[in-house]
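The values are calculated or read from the model by the stated rules, or taken from the named source; none is laboratory data. In this text the structure is predicted, and so the values were computed from the model without any measurement. Positions of Cβ are generated from backbone atoms using ideal geometry, with glycine treated the same way; all protein chains shown enter the neighbour counts. Only protein heavy atoms, including side chains, enter the accessible area calculation; ligands, DNA and RNA are left aside. Shrake-Rupley method; radii C 1.70, N 1.55, O 1.52, S 1.80 Å.
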Amino acid sequence: MANISDENVSKLIPTLGDDKIDMIAATSVLQIRASEIRQSQINWQSYLQSQMITQRDHDFIVNLDQRGQKDLPDKNPEGCADVFLNLLTHISKDHTIQYILVLIDDILSEDKSRVKIFRETRHSSGNIWQPFLNLLNRQDEFVQHMTARIIAKLACWHPQLMEKSDLHFYLSWLKDQLKMNNNDYIQSVARCLQMMLRIDEYRFAFLSVDGISTLLSILASRVNFQVQYQLVFCLWVLTFNPLLAEKMNKFNAIPILADILSDSVKEKVTRIVLAVFRNLIEKPEDQQVAKEHCIAMVQCKVLKQLSILEQKRSDDEDIMNDVEFLNERLQASVQDLSSFDQYATEVKSGRLEWSPVHKSAKFWRENAARLNERGQELLRTLVHLLEKSRDPVVLAVACYDVGEYVRHYPRGKHIIEQLGGKQRVMHLLSHDDPNVRYEALLAVQKLMVHNWEYLGKQLEKEQIDKQAGTVVGAKA
């Protein structure tokens, strides 16, 4: 799957959607409800008698719905669109709206080319999207989500793209639905995005509504494997665009996907995560970014997972091809890696641990000044971790690194103060974890003291006292 090199994803996966993407469509909440609604009998005559619909609209819908004239949309496309849009506009009863939407969806599903019936017909409102977008604001959840499904088909199955303001409204609505707690229709929302994000222009619109960070924040929480698969699929299609592939790890995509890969028990989830990783290396035009992605994957222990997958020998050819490709590229990146590259990648990943570079005096002597590169990017990240991280190991290591930077870079104390690092370290002096308190104390001493030789002796004495205290405690 990830071996395909065509840049145009709408050509690249033309047939992937309807059978493969929506593998469990028949059992989704939306589909179960739709099959129940299809069994309904609507009394169109009563709407005619109450003058809510015209004679023309009545005759058309009765012939289509109750007299089995299923080819009416093709024989009279303009009339078809007009009738359905009139019905949606003039009828207010939820159950009837549900039924009309199921009819529209069935018409489109039977033949994709029928989207032109709606897209190329001039309606009295002047905007084909408005009657549908209005329904997204209804209280009834089925109405909302069946409408969303229809909008996705109308937007994706016609060469003319959805207008910018309407597109923004629709994608914002989908994003908000993803964030909603306990949304029974989340698979339907994800399904709409799986369709929309295959079109390049829609991808950038999704980025502009903060969609990518939303996908990743949901993936970082616990969701069932089907939703997990669908949302990672969305990331996969996004990464066929070289610019988006380059941006992706700015949203912390690699650590989140590495965790999913590590926990995955479903082969299709494993396959799609590997496919994203491959795109993150293959698609960026900036080779430095591709290299950084490789290093980030190494840092997130992806090589270990690849080794496990290699031993399992899946029957899935895509998985084994991607495992081989990733193994080769990650191993090569490890060989090229300087100690500073390792350090920078670890800091950027936000997953600090007591890896050898932190405790190496040689590393700090040679590289402390390099923490000022790229507008002090690494220092800013360390200070951010001191403020935001909840992991005691990350906090302890970040304190230690701030202290070592100050010790080895003459203007370090001033720069750390400017970035708010000193205040963050001092705040950690009262942290619950004793190791965090200890490293914060050492960092504060390094920030305060000018005489390093004196400090060195003091630290040595503290270590001896600490060890002696441990021995006395053990004897007691």
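Based on the alpha-carbon gyration tensor of segment 25-158 and its eigenvalue square roots a ≥ b ≥ c, which shape applies: rounded if a/c is under 1.5, prolate if not and a/b is larger than b/c, or oblate?
Working: a/c = 1.25, a/b = 1.09, b/c = 1.15.
Cα axes put segment 25-158 in the rounded bin.
Given K250/K301; K70/K153; K153/K175; K164/K301; K247/K304, which pairs have Cα atoms separated by over 29 Å? Provide the component values of the computation, followed by the final result.
Working: K250/K301 18 Å; K70/K153 20 Å; K153/K175 18 Å; K164/K301 41 Å; K247/K304 25 Å.
Beyond 29 Å: K164/K301.
Given the peptides 273-281, 184-192, 39-47, 384-392, arrange them by the average over their residues of other C-beta atoms within 10 Å, most packed first.
Details: 273-281: 25.0, 184-192: 22.6, 39-47: 12.4, 384-392: 16.0.
Highest mean packing first, the order is 273-281, 184-192, 384-392, 39-47.
Could you state the number of Å between the C-alpha centres of segment 257-275 and segment 40-106?
If we compute the Cα centre of each part, the gap is 45 Å.
Considering only protein heavy atoms and a probe of 1.4 Å, how much of the accessible area of the chain is carbon and sulfur, as a whole percent? Working shown, then result.
Values: 10990 of 22750 Å².
C and S atoms contribute 48 percent here.
Bin width 5 Å, alpha-carbon pairs only: give the P(r) of segment 355-467 as whole percents, running from 0 to the bin holding the largest distance.
In order of increasing distance, the bins hold 2, 12, 23, 26, 22, 11, 3, 0, 0 percent.
Write down the accessible area per residue of segment 25-158 in Å², having rolled a 1.4 Å probe over the full set of protein chains. Could you put the intermediate results ahead of the total?
Values: 6070 Å² over 134 residues.
Solvent-accessible surface per residue comes out at 45 Å².
For K283, go through the aspartates and glutamates and keep the ones whose alpha-carbon is under 15 Å away, minus same-chain ones fewer than eight residues off.
Output for K283: D6, E7, D200, E246, E292, D322.
Any chance you could run the full-extension gain for K75 through E110? It's 0.36 nm times the residue separation minus the Cα-Cα distance, nm to one decimal. Each step should come with its number before you reach the end.
Numbers: separation 35, 0.36 × 35 = 12.60 nm, distance 1.49 nm.
Between K75 and E110, full extension yields 11.1 nm more.
Give, in nm to one decimal, the length gained when the segment between E353 and K250 is fully stretched (0.36 nm per residue of separation minus the Cα-Cα distance). Walk me through the numbers before you get to the answer.
Values: separation 103, 0.36 × 103 = 37.08 nm, distance 2.04 nm.
Stretched fully, the E353-K250 segment lengthens by 35.0 nm.
Express the relative contact order of segment 120-275 as a whole percentage, based on alpha carbon pairs under 8 Å and six or more residues apart in sequence. Spell out each step's value before the answer.
Details: 129 pairs, mean separation 28.7, N = 156.
Reported as a whole number, the value is 18 percent.
Given the -39500 (n - 2.57) contribution per DSSP H run of 4+ residues, what per-residue ellipticity at 222 nm results for the chain, rounded to the nearest 500 deg cm²/dmol?
On the way: 29 runs with 334 residues, N = 476.
Calculated from helices alone, the mean residue ellipticity at 222 nm is -21500 deg cm²/dmol.
Considering only protein heavy atoms, what per residue accessible area in square angstrom results for segment 355-467 with a 1.4 angstrom probe?
Details: 6270 Å² over 113 residues.
Using a 1.4 Å probe on heavy atoms only, each residue of segment 355-467 averages 55 Å².
Using only the Cα atoms of the chain, build the gyration tensor, take square roots of its eigenvalues as a ≥ b ≥ c, and label the shape rounded, prolate or oblate: rounded if a/c is under 1.5, else prolate if a/b is larger than b/c, else oblate.
Details: a/c = 2.93, a/b = 2.46, b/c = 1.19.
In terms of gyration-tensor shape, prolate.
Just grab the label-to-label distance for M426 and R380, each label 7 Å out from Cα along the Cβ direction, in nm (one decimal).
2.4
To the nearest 0.05, how large is the calculated FRET efficiency for A332 and E417 if R₀ is 35 Å and r is the Cβ-Cβ distance?
That gives a FRET efficiency of 0.30.
For segment 180-258, with every protein chain kept in place, what is the accessible area per residue (1.4 Å probe, Å²)?
On the way: 2600 Å² over 79 residues.
Counting only protein heavy atoms, the per-residue value for segment 180-258 is 33 Å².
Let a ≥ b ≥ c be the square roots of the eigenvalues of the Cα gyration tensor of segment 135-228; is it rounded (a/c under 1.5), or, if not, prolate (a/b larger than b/c) or oblate?
Working: a/c = 1.71, a/b = 1.24, b/c = 1.38.
Taking the square roots of the gyration eigenvalues as a ≥ b ≥ c, segment 135-228 is oblate.
Among H95, A148, N43, which residue has its Cα furthest toward the positive end of the charge dipole of segment 25-158, with +1 on Lys/Arg Cβ and -1 on Asp/Glu Cβ?
The Cα lying farthest towards the positive end belongs to A148.
Quick check on packing: order 57-67, 247-257 by the mean number of other C-beta atoms within 10 Å, highest mean leading. Each step should come with its number before you reach the end.
Working: 57-67: 17.2, 247-257: 20.6.
Per-residue Cβ counts within 10 Å, averaged per peptide and sorted highest first, yield 247-257, 57-67.
What percent do you get for the relative contact order of the chain when only Cα pairs under 8 Å and 6+ apart count?
Averaging sequence separation for qualifying contacts and normalising by length gives 9 percent for the chain.
Using a basic spin-label model with each label point 7 Å from the Cα along Cα→Cβ, how many nm lie between M320 and D391?
A separation of 3.4 nm, rounded to one decimal place.
Output the relative contact order of segment 25-158, whole-number percent, from Cα pairs under 8 angstrom with separation of 6+ residues. Walk me through the numbers on the way to the answer.
On the way: 110 pairs, mean separation 32.3, N = 134.
Computed value for segment 25-158: 24 percent relative contact order.
Quick check on packing: order 399-407, 219-227 by the mean number of other C-beta atoms within 10 Å, highest mean leading. Spell out each step's value before the answer.
Numbers: 399-407: 24.8, 219-227: 13.9.
Ranking the peptides 399-407, 219-227 by packing returns 399-407, 219-227.
Computed over the Cα atoms of segment 265-424, what is the convex hull's projected area averaged over all directions, in nm²? Before the final figure, lay out each step's value.
Numbers: hull surface 42.3 nm².
The orientation-averaged projected area of the Cα hull of segment 265-424 comes to 10.6 nm².
At 7 Å along the Cα-to-beta-carbon direction for both D259 and D140, put a label point, then send me their distance in nm to one decimal.
Reported label-point gap for D259 and D140 is 3.9 nm.
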